[in-house]
Amino acid sequence: MKKSLLFALALGQSLFALNIIDNPSSGIININVSNHSVNRIVLPTQILDVAYSKEKGIDIKISDNQAFIKFLPIQKEKVRVTGKNQVEPIGEPEIVYDKAGNSEVFFVTASKTYSFSLNPKNMEAETIIINDFSASKEEILKYESDDSYMKTMAKITESILRGGTPQGYKAKKIDKTLQKNSILITKELMNYDGVLYKATLLEVENKTNKALVLDPKDYIRIAKEAPKAISIYYNNEVNHLLPYSKAQIVIITKGGRNQK
């Protein structure tokens, strides 16, 4: 994969703040969300349309199969009485987030409509990933084989680095330390299971005060199968793992569901 493509990506929210929902029913999915930060919902397929009440003070932006949700704050002025039926503002208005109310949101995709009841709470934002195992093997195979081999590796990697899930894949949080020494800490964060391919997301932390360059060959041993692609994303323009910073690695291997 071309490194220029990876440098153009923007990493999403921390993968540790995850809420993975497997096989939701056809009813309403009730979830708690942050009332002051941007929340993200990742659906199995592209979102074609969204319906919600803007009067509830909610703003939603759509990008492919991801929805970014923000409850809009209100400004509450502080005033003092200066006379009969007269007041004047004191200082700067206060930004208030706790007036946000429950909202119903409907996301339309090609395969089905997902209904959510969003309950705003004073909490940190999460990424909510919906695993819908009703996606047929044929749908996933189409996603994995419609493009050339290199384009397929690129779109799987890009989807993962953006904090999403490749179309139809089953996402599973791992959060396991694989290696730890005075130089590097390597963690396995997520697994993604497709039909032709599987993917693993690693995080590598530099514990030193020196910039490092990671060698993809050093991570072949971590893969459970012979890697089809290994991509390293440093999140900077110098293409180095800077002191006390982190890099992400995506390893793509042959899948397992194609054997069933």
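The values are calculated or read from the model by the stated rules, or taken from the named source; none is laboratory data. Everything quoted here is computed from the prediction, not taken from an experiment. Every residue, glycine as well, gets a Cβ built from its backbone with ideal geometry; the counts of neighbours run over all protein chains shown.
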- Is there a residue in the stretch 124-136 that is surrounded by fewer than 17 Cβ atoms within 10 Å (Cβ to Cβ) and within 30 Å of G57 (Cα to Cα)? yes
- Task: Confirm whether K54 is within 30 Å of S159 (Cβ to Cβ) and modelled with pLDDT under 85.
- Result: yes
- Item | Conditions (1) farther than 30 Å from K151 by Cα; (2) modelled with pLDDT under 85; number of the one not met by S117 | (2)
- Within the stretch 120-140, can you find the residues that are more than 30 Å from P73 (Cα to Cα) and at pLDDT 90 or above? none
- Note on the structure: I249 meets each of (1) β-branched (V, I, T); (2) part of a loop (DSSP other than H, G, I, E, B); (3) crowded, with 16+ Cβ neighbours inside 10 Å with one exception, condition (2)
- Query: Within the stretch 187-213, how many residues turn out to be free of Cβ contacts under 8 Å to residues at least 24 places away in the same chain and of a type in the set (V, I, T)?
  - Reply: 0
- Taking the stretch 30-57 as the region of interest, how many residues are more than 21 Å from Y192 (Cβ to Cβ), under 20 Å from the mean Cα position of the chain (by Cα) and either of a type outside the set (S, T, Y) or outside any strand (DSSP E or B) (or both)? 12
- Note on the structure: Taking the stretch 115-131 and keeping only residues that are within 13 Å of A17 (Cβ to Cβ), within 13 Å of the chain's Cα centre (by Cα) and of a type outside the set (S, T, Y), one is left with A125, E126, I128, I129
- Query: When residues of the stretch 137-162 are filtered for being touching a strand residue (DSSP E or B) at 6+ places or on another chain (Cβ under 6 Å) and outside any helix (DSSP H, G or I), how many remain?
  - Reply: 0
